[in-house]
Amino acid sequence: MHIRFDQTELRHGEHSALKPLTLVLSEPRIGVIGLNGSGKTSFARLINGLAKPTSGTVTLDGLDTVKDEREVMAKAGFIFQNPANQIILPIIRDDIAMGPKSRGLKGPALEAAVDRVLDRFGITHLASRRPHELSGGELQLAALAAVVVTAPELILFDEPTNQLDLKNRAMVKAAIEGLAQQAIVITHDLELIRDYPRVLVFHEGALAFDGQGHEAVARYVEIAGA
Ligand SMILES: Nc1ncnc2c1ncn2[C@@H]1O[C@H](COP(=O)(O)OP(=O)(O)O)[C@@H](O)[C@H]1O
Ligand SMILES: [Mg+2]
């Protein structure tokens with residue numbers, strides 16, 4: 001999928017969360033790094049239409065995030081920084097079923113679709129649990145299952161390995177690697193994106209670097225003065 005920013009800006013009053021940005025993304029894996037408050041989440045929210053540009057446009061294969069909001073939201077799934085916030089229903093299985101159900105799937109076909117995605121992410125045993133009974137990594141996988149079951153073309157991850165122990169991190173890393181979909185991964189976990197062919201570094205609301213993962217990491221270290 002081609003994601004196109006054309007002179008796109010996102011302002012909150014006088015403050016620019018994202019300064020005017022023009023670029024096209026089409027790689028299967030794209031990393032996004034930068035200091036806290038540098039505009040990473042704003043950038044991702046603009047892509048799936050959760051945030052609307054103050055000026056300029058964002059298009060996904062020509063679909064505009066403002067004019068074609070519904071199609072854009074169907075094409076691009078978002079895993080929030082805290083996935084507990086996006087699991088709305090009390091039972092994991094019901095939450096995963098919600099998306100396909102709202103698109104008209106029902107009966108055995110609905111149950112089969114939910115079973116398939118639970119199995120695919122190895123979380124069948126968690127189906128009848130409540131979100132607060134899951135570990136951080138399990139929550140990420142449940143949120144990912146709820147997004148994948150709606151068959152988006154692009155998945156946006158906002159710091160998916162944040163606060164995860166090594167075992168949960170490995171679980172989430174493998175799940176991201178195994179996706180057939182295009183993925184954009186915001187992270188402070190630099191090892192996650194170091195080998196990506198394309199990583200964006202944001203600094204103070206602007207794109208400071210756009211290129212190979214290992215070069216992006218070097219640029220980020222420089223910015224951080226670390
Ligand atoms: N709803 C909002 N209202 C006001 N300022 C915001 C809002 N959302 C983000 N910002 C500001 O925009 C900047 C970029 O935020 P964000 O995109 O969340 O950064 P990051 O994800 O890189 O930490 C920050 O300075 C943040 O405080
Ligand atoms: Mg953020």
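The values are calculated or read from the model by the stated rules, or taken from the named source; none is laboratory data. This one's a predicted model, so the numbers in the text were calculated from it and none came from an experiment. Cβ atoms come from the backbone with ideal geometry, glycine included; neighbour counts cover every protein chain shown.
Below are the figures for this structure:
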item: Considering residues of the stretch 177-194 that are under 21 Å from Ile3 (Cβ atoms) and free of Cβ contacts under 8 Å to residues at least 24 places away in the same chain only, the residue surrounded by the fewest Cβ atoms within 10 Å (Cβ to Cβ); result: Ala180
item: Any hit, the stretch 7-27, residues being within 16 Å of ligand 2 (Cβ to nearest atom), modelled with pLDDT of 95 or more and not in a strand (DSSP E or B); result: no
item: Identity of the residue in the stretch 1-55, in contact with a Lys or Arg (Cβ under 6 Å, 6 or more places away or on another chain) and within 19 Å of Asp189 (Cα to Cα), that ends up farthest from ligand 1 (Cβ to nearest atom); result: Ile30
item: Residue that is surrounded by 15 or more Cβ atoms within 10 Å (Cβ to Cβ) and without any contact (Cβ under 8 Å) to a residue 12 or more places away in the chain, where the choices are Glu14, Glu71; result: Glu71
